[in-house]
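Below is one structure, written out as structure tokens; the observations come after it.
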Amino acid sequence: MPTFTIKGYPAVLRLFRPPDSRFWHVRLFHAGRMYKKTTKKEVRKDAERVAKQWYVEKQILLQSAGTLEATPIFDHFAQLVFAESESRIKRGERSHRLVSDEKHIYEKNVKESFGYLSVVDINYKLLDEFVNKLTARGLASASIKRILSFISKTLKMAMRSDQLDKLPLFPTVSLKQDVRGWFTMEEYVKLRNSVRDLVYSTEPEDVKLRKVRGTKIDMEMRYFIIFMVNTFLRPSDVKPLQNKHIEVVRDRERNRYLRINTPSSKTSNTPIISMAVAVDVYRRLREYQSDKGFGHQDDFVFLPQYSDRSFALEMLRRQFNVVMEYAGMKETAAGQNRTIYSLRHTAIMLRLIKGNNVDLLTLARNARTSVEMIDRFYARHLTAEMNLEKFQSVRGR
């Protein structure tokens, strides 16, 4: 009866299928004794998952009986990482999304491969095979780097707990920096007008086009586009955004702007200051929502009829894609893809081009990013010709 080892686990742990059973079984040899269990799984891959979990449980039992030295399991230190992140959130050092993002990375991508392994058994070979597995799944290099970063963070926790002497060598993953397309001022105006044309068109093809998963594209999408380009928000910031998070400000110099305190953000939660245009579009949006029975302080700013905010954001994304297709603006002239995130790129680019001596640090802080990120991603589109007047200007004596 052939037996099989489980990749990444000691050879004393084996899978086998008895001739008289349709289920895979698992067995473990330890201190001259053999422990066996049926996985009650017919598919080998499913049986391996059961075997891994059983291996951890059996180790815990043997440890408590004093017959096996404690083995530092990756999952144990992952839980310590989550607890540490919770503490940082409570101290206000990080966004509350930190833990949920880390848990998502762990549960979806890491746990099956490393969760039940001893941290001392994780080496370059296993990590390299893991990267190849992620690549075969079609994950982008940026996603793979985030996953490896979490693994490194967990192994560092094991080092701080004196359960690991040094970190293994990690595979090198080159980060391909794909820059999303943005909209020039002329394209931005065309995009806004395209929404209006689509909403009021009576052509049968357009009527059919503007219905997205049972919801019609209406003027709210136009308000959304203008709002995003004049507030620097990320699309993810809009998902939980409620009217109570927005304050209309008029200062002594008669400047008008929105002060936006989003309940969560990818980075910091410092207030965002909008352009003056956002004040008027927000007022029109509130009136529009009020006519539909919304617009109250506790109502969401966009698509308030949906309590499932992940669905609401997905709906905004789908509607925006339809508008871009209708306007023939899914790609830039250079062939760069445009997405809903392109609205944030547009907001930052228009400040770099149209702003009068805008301080880059102030822009970065208001957009909740860094000068380095603006230079690496947002300003990659910027050329000297776009700021020709400033480029050729001469200082007065």
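Observations on the model:
- Flag for I105 being touching a Lys or Arg at 6+ places or on another chain (Cβ under 7 Å), modelled with pLDDT of 90 or more and within 30 Å of Y341 (Cα to Cα): yes
- Residues satisfying the stated conditions in region 102-124, i.e. free of Cβ contacts under 8 Å to residues at least 24 places away in the same chain and surrounded by fewer than 15 Cβ atoms within 10 Å (Cβ to Cβ): H104, E107, K108
Quick grid of which residues meet (1) surrounded by 15 or more Cβ atoms within 10 Å (Cβ to Cβ); (2) over 38 Å from the mean Cα position of the chain (by Cα):
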{"site": "L15", "(1), (2)": "yes, no"}
{"site": "P18", "(1), (2)": "no, yes"}
{"site": "S21", "(1), (2)": "no, yes"}
{"site": "Y35", "(1), (2)": "yes, yes"}
{"site": "K40", "(1), (2)": "no, no"}
{"site": "A47", "(1), (2)": "yes, no"}
{"site": "A51", "(1), (2)": "yes, no"}
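- If you go through region 310-343 and keep only what is among the hydrophobic types (A, V, I, L, M, F, W, C) and in a helix (DSSP H, G or I), you end up with F311, A312, L313, M315, L316, F320, V322, V323, M324, A327, L343.
- Of the numbered criteria (1) outside any loop (DSSP other than H, G, I, E, B); (2) touching a residue at least 24 places away in the same chain (Cβ under 8 Å); (3) not aromatic (F, W, Y), the one Q163 fails is (1).
- Candidate set: region 332-387, residues that are modelled with pLDDT under 80 and polar (S, T, N, Q); chosen: the one nearest to E314 (Cα to Cα): T383
- Residue match in region 196-208 (condition: in contact with a Ser or Thr (Cβ under 8 Å, 6 or more places away or on another chain) and assigned by TED's automatic domain parsing to the domain that holds E372): yes
- Only one entry in F320, F311, F302 is in the same structural domain as R376 (by TED's automatic domain parsing), touching a Leu at 6+ places or on another chain (Cβ under 9 Å) and without any contact (Cβ under 8 Å) to a residue 40 or more places away in the chain, namely F311.
- Positions within region 216-240 being aliphatic (A, V, I, L, M) and either touching a strand residue (DSSP E or B) at 6+ places or on another chain (Cβ under 7 Å) or not in a loop (DSSP other than H, G, I, E, B) (or both), in sequence order: M219, M221, I225, I226, M228, V229, L233, V238
- Evaluating W182 against the criteria (1) outside any loop (DSSP other than H, G, I, E, B); (2) over 23 Å from A51 (Cα atoms); (3) not hydroxyl-bearing (S, T, Y) leaves one unmet condition, (1).
- Condition check for K125: part of a helix (DSSP H, G or I), more than 27 Å from the chain's Cα centre (by Cα), under 27 Å from L80 (Cα atoms) and outside the structural domain of I246 (by TED's automatic domain parsing): yes
- Residue pairs meeting the criteria (Cβ under 6 Å; at least 6 apart or on separate chains; first over 23 Å from F74 (Cβ atoms), in region 5-29; second of a type in the set (F, W, Y)): R17/W24; H25/F16
- Condition check for I353: under 24 Å from F183 (Cα atoms), outside any helix (DSSP H, G or I) and either over 24 Å from the mean Cα position of the chain (by Cα) or in the same structural domain as V249 (by TED's automatic domain parsing) (or both): no
- Yes/no for T202 being part of a loop (DSSP other than H, G, I, E, B), out of contact with any helix residue (DSSP H, G or I) (no Cβ under 9 Å at 6 or more places or on another chain), free of Cβ contacts under 8 Å to residues at least 60 places away in the same chain and among the hydroxyl-bearing types (S, T, Y): yes
- Of all residues in region 209-233, exactly one satisfies the criterion of being at pLDDT below 90 and either small (G, A, S) or in contact with a Ser or Thr (Cβ under 6 Å, 6 or more places away or on another chain) (or both), namely G214.
- Odd one out for I151, checked against (1) more than 18 Å from N337 (Cα to Cα); (2) surrounded by 15 or more Cβ atoms within 10 Å (Cβ to Cβ); (3) not assigned by TED's automatic domain parsing to the domain that holds G115: (3)
- Qualifying position, being farther than 18 Å from Y188 by Cα and either surrounded by 15 or more Cβ atoms within 10 Å (Cβ to Cβ) or in contact with a Ser or Thr (Cβ under 9 Å, 6 or more places away or on another chain) (or both), among V281, V277, V301, V323: V301
- Candidates T270, T262: the one that is within 26 Å of the chain's Cα centre (by Cα), exposed (fewer than 15 other Cβ atoms within 10 Å of the Cβ) and either assigned by TED's automatic domain parsing to the domain that holds I340 or part of a strand (DSSP E or B) (or both) is T270.
The values are calculated or read from the model by the stated rules, or taken from the named source; none is laboratory data. Here the structure is a predicted model, which means the values were calculated and not measured. Cβ atoms come from the backbone with ideal geometry, glycine included; neighbour counts cover every protein chain shown.
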